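**Student:** Structure incoming, see below.
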């Protein structure tokens, strides 16, 4: 695919590109134009390819903006008019199940979704189950515990572990004594005394 | 026959009942020629089939997962799950738009739940909120005002509890070893509805929220609210692929529901239900399902 085939947001494209657009679609919050309809499908495949690349080696769980930035840096000669469409394409990939989400909490206890590759769905599900089982058995699980408990390919990034612990908080399986803004470093079962 | 999510909730004579627990001989609420009737189930069978697909329809009056060949009653006649998937605008990317018809909704029952029905509802609310704690059972509810938590404790758990509020909109009730609550709570529609809402988080006054993967809790509590004559408006977000649902109470009912999103669901766990009569529409999750 050449840069001339990349779809562009019509509100951000040059008048020449707008005139030359042979096909139009609504992409996210933009109206986008491209040479023809196939450009949209090919651009989506390009984004999927680079998303999978960004989410692997090492395995990463990323927010939508972070993933969009990672994908944008990988697409050659990407203009701003095309760059703004990446979010919409990522949302479509999530809708299709080509990318998967897990809900979690930020360090300020605000909910958000982290995205990962569907190739790792079983790995993530097994990791969450392992954390839940450990929580039941030991009443408390720390980031350090998680790094020893979970496969190295997942635990090599501390952020992955924080996201998975945050998921337990999100779904109400666990609570934490960490103050907002500090960063989740451990979770415990409710009604268990905190350990200092 | 109808193919319905086993976790969707029908209305039996004693109250809401998950479709997966409906059996031959159960009488369920249906609409026939605009009037509510109890219709006997002729057959009911669980159908797990790898590779089978269903369609989840999200509306402003709740959501339901149906088989691709099962229909919902719309203002334009019956539309199958597959019809509704195909009505999504295929030319949008990362958006959920479609030319969906309005769905007909079932009017709420005139009679509130009976005392027996209330007891069954409380029992199920108890099991839906139950977690295993290290020192005994825990009940997970939303972080609600003290009045509502006290009502839940009294009506559903029926034991005095220690309360631990959490950081993310959840609160946990831990029954104490001693201290059963002997005071009875009058099982009227208002108290039953309040106990159902206790399972939802309360991010803002008047707005309730549940993560979308709390399927059984959502389906059952929405059915309880329906049985109690409580009118609600649901809002599934984000639209392109919902991940949570917000709920607000409304003063009046609406005869139609608007579709907000439609999603194909693979490897759906469906129950096959055959009614003993034709030409009637089964009330499932407040919507009307037909063949």
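**Student:** Among the residues of the stretch B:141-173 satisfying the criterion of being in contact with a helix residue (DSSP H, G or I) (Cβ under 7 Å, 6 or more places away or on another chain), closer than 18 Å to residue B:221 by Cα and surrounded by fewer than 22 Cβ atoms within 10 Å (Cβ to Cβ), which is nearest to the other protein chains (Cβ to nearest Cβ)?
**Tutor:** B:148
**Student:** Okay, moving on. Answer with yes or no whether residue B:196 is in contact (Cβ under 8 Å) with a residue 60 or more places away in the chain and assigned to a strand (DSSP E or B). If you could, list the steps in order and put the result at the bottom.
**Tutor:** Values: in contact (Cβ under 8 Å) with a residue 60 or more places away in the chain: yes; assigned to a strand (DSSP E or B): no.
Criteria not met by residue B:196.
**Student:** Considering only residues that are crowded, with 21+ Cβ neighbours inside 10 Å, more than 10 Å from chain B (Cβ to nearest Cβ) and within 13 Å of the chain's Cα centre (by Cα), which ones fall in the stretch A:69-98?
**Tutor:** A:71
**Student:** When the residues of the stretch A:113-146 are narrowed to those that are part of a strand (DSSP E or B), more than 10 Å from every other protein chain (Cβ to nearest Cβ) and within 22 Å of the chain's Cα centre (by Cα), which ends up surrounded by the fewest Cβ atoms within 10 Å (Cβ to Cβ)?
**Tutor:** A:115
**Student:** Right, something else. Among what's in the stretch A:1-36 and is assigned to a helix (DSSP H, G or I) and under 27 Å from the mean Cα position of the chain (by Cα), pick the residue that is modelled with the highest pLDDT.
**Tutor:** Within the stretch A:1-36, the first condition is being assigned to a helix (DSSP H, G or I), and the residues that meet it are A:3-5, A:15-20.
Of the ones still in play, those that are also under 27 Å from the mean Cα position of the chain (by Cα) are A:3, A:5.
Working: A:3: 90, A:5: 94.
That would be A:5.
**Student:** Something else about it: Residues of the stretch B:215-263 being within 12 Å of the chain's Cα centre (by Cα) and surrounded by fewer than 20 Cβ atoms within 10 Å (Cβ to Cβ), which ones?
**Tutor:** Hits for the stretch B:215-263 are B:215, B:216.
**Student:** Another question, if that's okay. Of all residues in the stretch B:90-118, which are without any contact (Cβ under 8 Å) to a residue 12 or more places away in the chain and either within 14 Å of another protein chain (Cβ to nearest Cβ) or under 16 Å from the mean Cα position of the chain (by Cα) (or both)?
**Tutor:** B:90, B:91, B:92, B:93, B:97
**Student:** Let me spell it out: the conditions are (1) closer than 18 Å to residue B:211 by Cβ; (2) within 14 Å of chain B (Cβ to nearest Cβ); (3) part of a helix (DSSP H, G or I), and residue A:102 meets all of them except one. Which number is the exception?
**Tutor:** (3)
**Student:** When you scan the stretch B:230-237, do you find a residue that is more than 25 Å from residue B:119 (Cα to Cα), in contact with a strand residue (DSSP E or B) (Cβ under 9 Å, 6 or more places away or on another chain) and at pLDDT below 90, even just one?
**Tutor:** At the first step, the residues of the stretch B:230-237 found to be more than 25 Å from residue B:119 (Cα to Cα) are B:233-237.
Checking the rest, the ones that are also in contact with a strand residue (DSSP E or B) (Cβ under 9 Å, 6 or more places away or on another chain) come to B:233-237.
Remaining after also requiring at pLDDT below 90: none.
No; the residues of the stretch B:230-237 include none that is more than 25 Å from residue B:119 (Cα to Cα), in contact with a strand residue (DSSP E or B) (Cβ under 9 Å, 6 or more places away or on another chain) and at pLDDT below 90.
**Student:** Look at residue B:121 and say whether it is crowded, with 23+ Cβ neighbours inside 10 Å, in contact with a helix residue (DSSP H, G or I) (Cβ under 7 Å, 6 or more places away or on another chain) and without any contact (Cβ under 8 Å) to a residue 12 or more places away in the chain. Spell out the reasoning first.
**Tutor:** Working: crowded, with 23+ Cβ neighbours inside 10 Å: yes; in contact with a helix residue (DSSP H, G or I) (Cβ under 7 Å, 6 or more places away or on another chain): yes; without any contact (Cβ under 8 Å) to a residue 12 or more places away in the chain: no.
Answer is no for this residue.
**Student:** Just checking: which of the strands (runs of 3 or more DSSP E) contained wholly in the stretch B:125-170 hold 3 or more residues that are within 23 Å of residue B:211 (Cβ to Cβ), at pLDDT 95 or above and out of contact with any strand residue (DSSP E or B) (no Cβ under 8 Å at 6 or more places or on another chain)? Show your work before the answer.
**Tutor:** On the way: elements: B:130-133, B:136-142, B:159-165.
In the stretch B:125-170, no matching strands (runs of 3 or more DSSP E) lie anywhere.
**Student:** Let me ask another. Name the pairs: first residue in the stretch B:200-214 and on the phi > 0 side of the Ramachandran plot, second residue surrounded by fewer than 19 Cβ atoms within 10 Å (Cβ to Cβ), Cβ to Cβ under 9 Å, at least 6 apart or on different chains?
**Tutor:** Short answer, once both residue conditions are applied: B:206/B:248; B:206/B:249.
**Student:** A further question on this structure: Is it true that some residue in the stretch B:48-66 is touching a strand residue (DSSP E or B) at 6+ places or on another chain (Cβ under 6 Å), at positive phi, more than 14 Å from chain A (Cβ to nearest Cβ) and in a strand (DSSP E or B)?
**Tutor:** There is at least one residue in the stretch B:48-66 that is touching a strand residue (DSSP E or B) at 6+ places or on another chain (Cβ under 6 Å), at positive phi, more than 14 Å from chain A (Cβ to nearest Cβ) and in a strand (DSSP E or B).
**Student:** Could you please find all residues in the stretch B:240-258 being in a strand (DSSP E or B) and either more than 22 Å from residue B:19 (Cα to Cα) or free of Cβ contacts under 8 Å to residues at least 60 places away in the same chain (or both)? Step through it out loud before you land on a result.
**Tutor:** As a first pass, look at the stretch B:240-258 and keep what is in a strand (DSSP E or B): B:244-250, B:256-257.
Selection gives B:244, B:246, B:247, B:248, B:249, B:250, B:256.
**Student:** Then there's this: Based on what the data block shows, is residue B:268 modelled with pLDDT under 90, closer than 23 Å to residue B:77 by Cα and more than 16 Å from the chain's Cα centre (by Cα)? Steps first, answer last, please.
**Tutor:** Values: modelled with pLDDT under 90: yes; closer than 23 Å to residue B:77 by Cα: no; more than 16 Å from the chain's Cα centre (by Cα): yes.
In short, no.
**Student:** Which of the residues spanning the stretch B:71-89 are in a loop (DSSP other than H, G, I, E, B) and within 14 Å of another protein chain (Cβ to nearest Cβ)? Explain how you work it out, then say what you get.
**Tutor:** Kept after step one, since they are in a loop (DSSP other than H, G, I, E, B), are these residues of the stretch B:71-89: B:75-76, B:87, B:89.
B:89 - this is the single residue of the stretch B:71-89 that is in a loop (DSSP other than H, G, I, E, B) and within 14 Å of another protein chain (Cβ to nearest Cβ).
The values are calculated or read from the model by the stated rules, or taken from the named source; none is laboratory data. Here the structure is a predicted model, which means the values were calculated and not measured. Quick reminder, even Gly has a Cβ in these numbers, built from the backbone with ideal geometry, and neighbours come from all protein chains shown.
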